Amino acid sequence: MQAQRAWYTAYRELSCEENPSQTTVLRRRLQQLSVRIATHPYWASIPGRAPAARMALKQQTWELEPEPEEVRP
């Protein structure tokens, strides 16, 4: 769940970032986290149910995430 939470955080940061060099860093971070999540050994332990389990992880993590603060100019 920690990696999924970090993925959502990086995604939110990317959506607000205007600096092109920082967006590159955040996109790379998202790719690294995506690989870490997708290749975790847990998914191999539940053959045939991995897609549903991945969606459950995303849903559970999303529900636990605090609402992002509104960005003011």
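Coordinate-derived values only; no laboratory data. Quick caveat: nothing in here was measured; it's all calculated off a predicted structure. No Cβ is skipped: glycine too gets one built from the backbone with ideal geometry, and neighbour counts run over all protein chains shown.
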Original post:
So what is the 222 nm mean residue ellipticity for the chain from helices alone, if each DSSP H run of at least 4 adds -39500 (n - 2.57) and you divide by all residues, rounding to the nearest 500 deg cm²/dmol?
Top reply: -22500 deg cm²/dmol
**OP:** Compute the Cα gyration tensor for the chain, then decide on rounded, prolate or oblate, letting a ≥ b ≥ c be the square roots of its eigenvalues: rounded whenever a/c is under 1.5, prolate when a/b is larger than b/c in the other cases, and oblate in all that remain.
**Re:** oblate
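Taking neighbour counts of Cβ atoms within 10 Å as a proxy for exposure, in what order, fewest first, do Trp62, Trp43 appear? Mind showing how you got there, number by number?
Values: Trp62 11, Trp43 16.
So the ranking, lowest neighbour count to highest, is Trp62, Trp43.
Only counting other Cβ atoms within 10 Å, I'd like Glu17, Glu63 sorted with the fewest neighbours first.
Least crowded to most crowded, the residues run Glu63, Glu17.
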